[in-house]
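Beneath this line is the structure, given in structure tokens, with notes to follow.
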Amino acid sequence: MNERRTSIMKKNIIICIASCLAWLMPGEALAANPDGGLQLKARVGYNIGGTAPIGLPATIRSIDAYRLTPSVMVGADVKMPLSGNWGLMAGLRLENKGMDADATTKGYRMEVVKGDSKLEGLFTGHIKQEVKEWMLTLPVMATYQLGQKVTLKGGPYLSLLLDKNFSGIASDGYLRQGNPTGPKVIMGNKEGEWATYDFDDDLRSLQFGVAVGADWQLHKHFGLSADLNWGLTGIFESDFKTVEQTLYPIYGTLGVFWKF
């Protein structure tokens, strides 16, 4: 059933991307652009970053490990010149913003499942966390041409989540149920001894943020890009209170582009 659902989802994603790209690619943009008209760029990149609060809270004592995940980005955009060196760029991206990290906590509010029991309280110990968010992102950016080779860009983006996962394991510690003096539940470091958590259904389906970056034209058609994407909305729905801190998606994107 899961394989069938994944297959259907992938097929719908491909159809959606093809339709949106067809809308974004007027005939004028498919040709070379010697006269300063519309420009089309196809992009591939890799997202590096994480979902984190602004400022590490005291309840997170340390980040013990950070592992790269398949956080790829593919897309295209169209740039329209406006006045002088200024322009406007709109695009479409299919991307994954993922994170796989370990942390040590003390008194960190959690809701976990251990065996057949659902527990809520303050956890002290080790957390292994995995975040995966596949999304369609629509950026709309102002651009500024800095010389012949460098284009600066910045503006808002809107992302629609297609698949989402926020889950992990709580181990090597204990949970105080309810409050700091509540009953202690010990959690070991082996399967069956640790607890798990899963907040997939509490993630926002729409995310909003801002992005800034630069394109560097190395060749007539080929270039490199670097971007910083900063989410302004937390990844969880506003009524989700289990995780006390607001977690923001903050990612840098390194990529290459092909200019048609």
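Report yes if some residue within the range 93-101 is assigned to a strand (DSSP E or B) and over 30 Å from Val78 (Cα atoms); otherwise report no.
Checked the range 93-101: at least one residue is assigned to a strand (DSSP E or B) and over 30 Å from Val78 (Cα atoms).
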Residue selected from the range 162-179 under the condition touching a Leu at 6+ places or on another chain (Cβ under 9 Å) and open to solvent by less than 20 Å² (accessible area, probe 1.4 Å), by the criterion nearest to Val210 (Cα to Cα): Phe166
Pairing a residue in the range 75-101 that is without any contact (Cβ under 8 Å) to a residue 24 or more places away in the chain with any residue that is aliphatic (A, V, I, L, M) and surrounded by fewer than 22 Cβ atoms within 10 Å (Cβ to Cβ), where Cβ atoms lie under 7 Å and the two sit 6 or more apart in sequence or on different chains, gives Leu82/Leu88
Cβ-Cβ under 6 Å pairs, at least 6 apart or on other chains, the range 104-122 side over 18 Å from Pro180 (Cα atoms), far side open to solvent by 50 Å² or more (accessible area, probe 1.4 Å): Val113/Thr196
Please go through (1) surrounded by 13 or more Cβ atoms within 10 Å (Cβ to Cβ); (2) at pLDDT below 85; (3) more than 20 Å from Asn165 (Cβ to Cβ) for Ile13 and return the number of the only condition it doesn't satisfy. (3)
Tell me, yes or no, whether the range 183-205 has at least one residue that is closer than 19 Å to Val74 by Cα and out of contact with any helix residue (DSSP H, G or I) (no Cβ under 6 Å at 6 or more places or on another chain). no
Reported set for the range 41-65 where residues are closer than 20 Å to Gly223 by Cα, open to solvent by less than 40 Å² (accessible area, probe 1.4 Å) and not aliphatic (A, V, I, L, M) is Lys41, Arg43, Gly45, Asn47
Scanning the range 140-156 for residues that are farther than 15 Å from Val78 by Cβ and assigned to a strand (DSSP E or B), which turns out most open to solvent (accessible area, probe 1.4 Å)? Leu146
Residue that is least open to solvent (accessible area, probe 1.4 Å), among those in the range 182-219 that are part of a strand (DSSP E or B) and charged (D, E, K, R): Asp215
Tell me yes or no: at least one residue of the range 236-248 is among the charged types (D, E, K, R), open to solvent by 80 Å² or more (accessible area, probe 1.4 Å), part of a strand (DSSP E or B) and more than 17 Å from Met89 (Cα to Cα). no
Within the range 130-137, can one find any residue that is surrounded by 14 or more Cβ atoms within 10 Å (Cβ to Cβ), within 25 Å of Glu193 (Cβ to Cβ) and touching a residue at least 12 places away in the same chain (Cβ under 8 Å)? yes
Any residue at all in the range 66-76 that's modelled with pLDDT under 85, part of a loop (DSSP other than H, G, I, E, B) and open to solvent by 80 Å² or more (accessible area, probe 1.4 Å)? no
Residues of the range 220-233 being hydroxyl-bearing (Ser, Thr, Tyr) and surrounded by fewer than 19 Cβ atoms within 10 Å (Cβ to Cβ), which ones? Thr233
Residue list for the range 103-139, filter: β-branched (Val, Ile, Thr) and either over 20 Å from Leu88 (Cβ atoms) or not in a strand (DSSP E or B) (or both): Thr104, Thr105, Val112, Val113, Thr124, Ile127, Val131
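The values are calculated or read from the model by the stated rules, or taken from the named source; none is laboratory data. It should be emphasised that the depicted structure is a prediction, and the values quoted were computed from it without experimental measurement. Please note: Cβ atoms are built from the backbone with ideal geometry, for glycine as well, and neighbour counts cover all protein chains shown. Side chains are part of the model used for accessible areas, which takes the heavy atoms of the whole protein and leaves out ligands, DNA and RNA. Shrake-Rupley method; radii C 1.70, N 1.55, O 1.52, S 1.80 Å.
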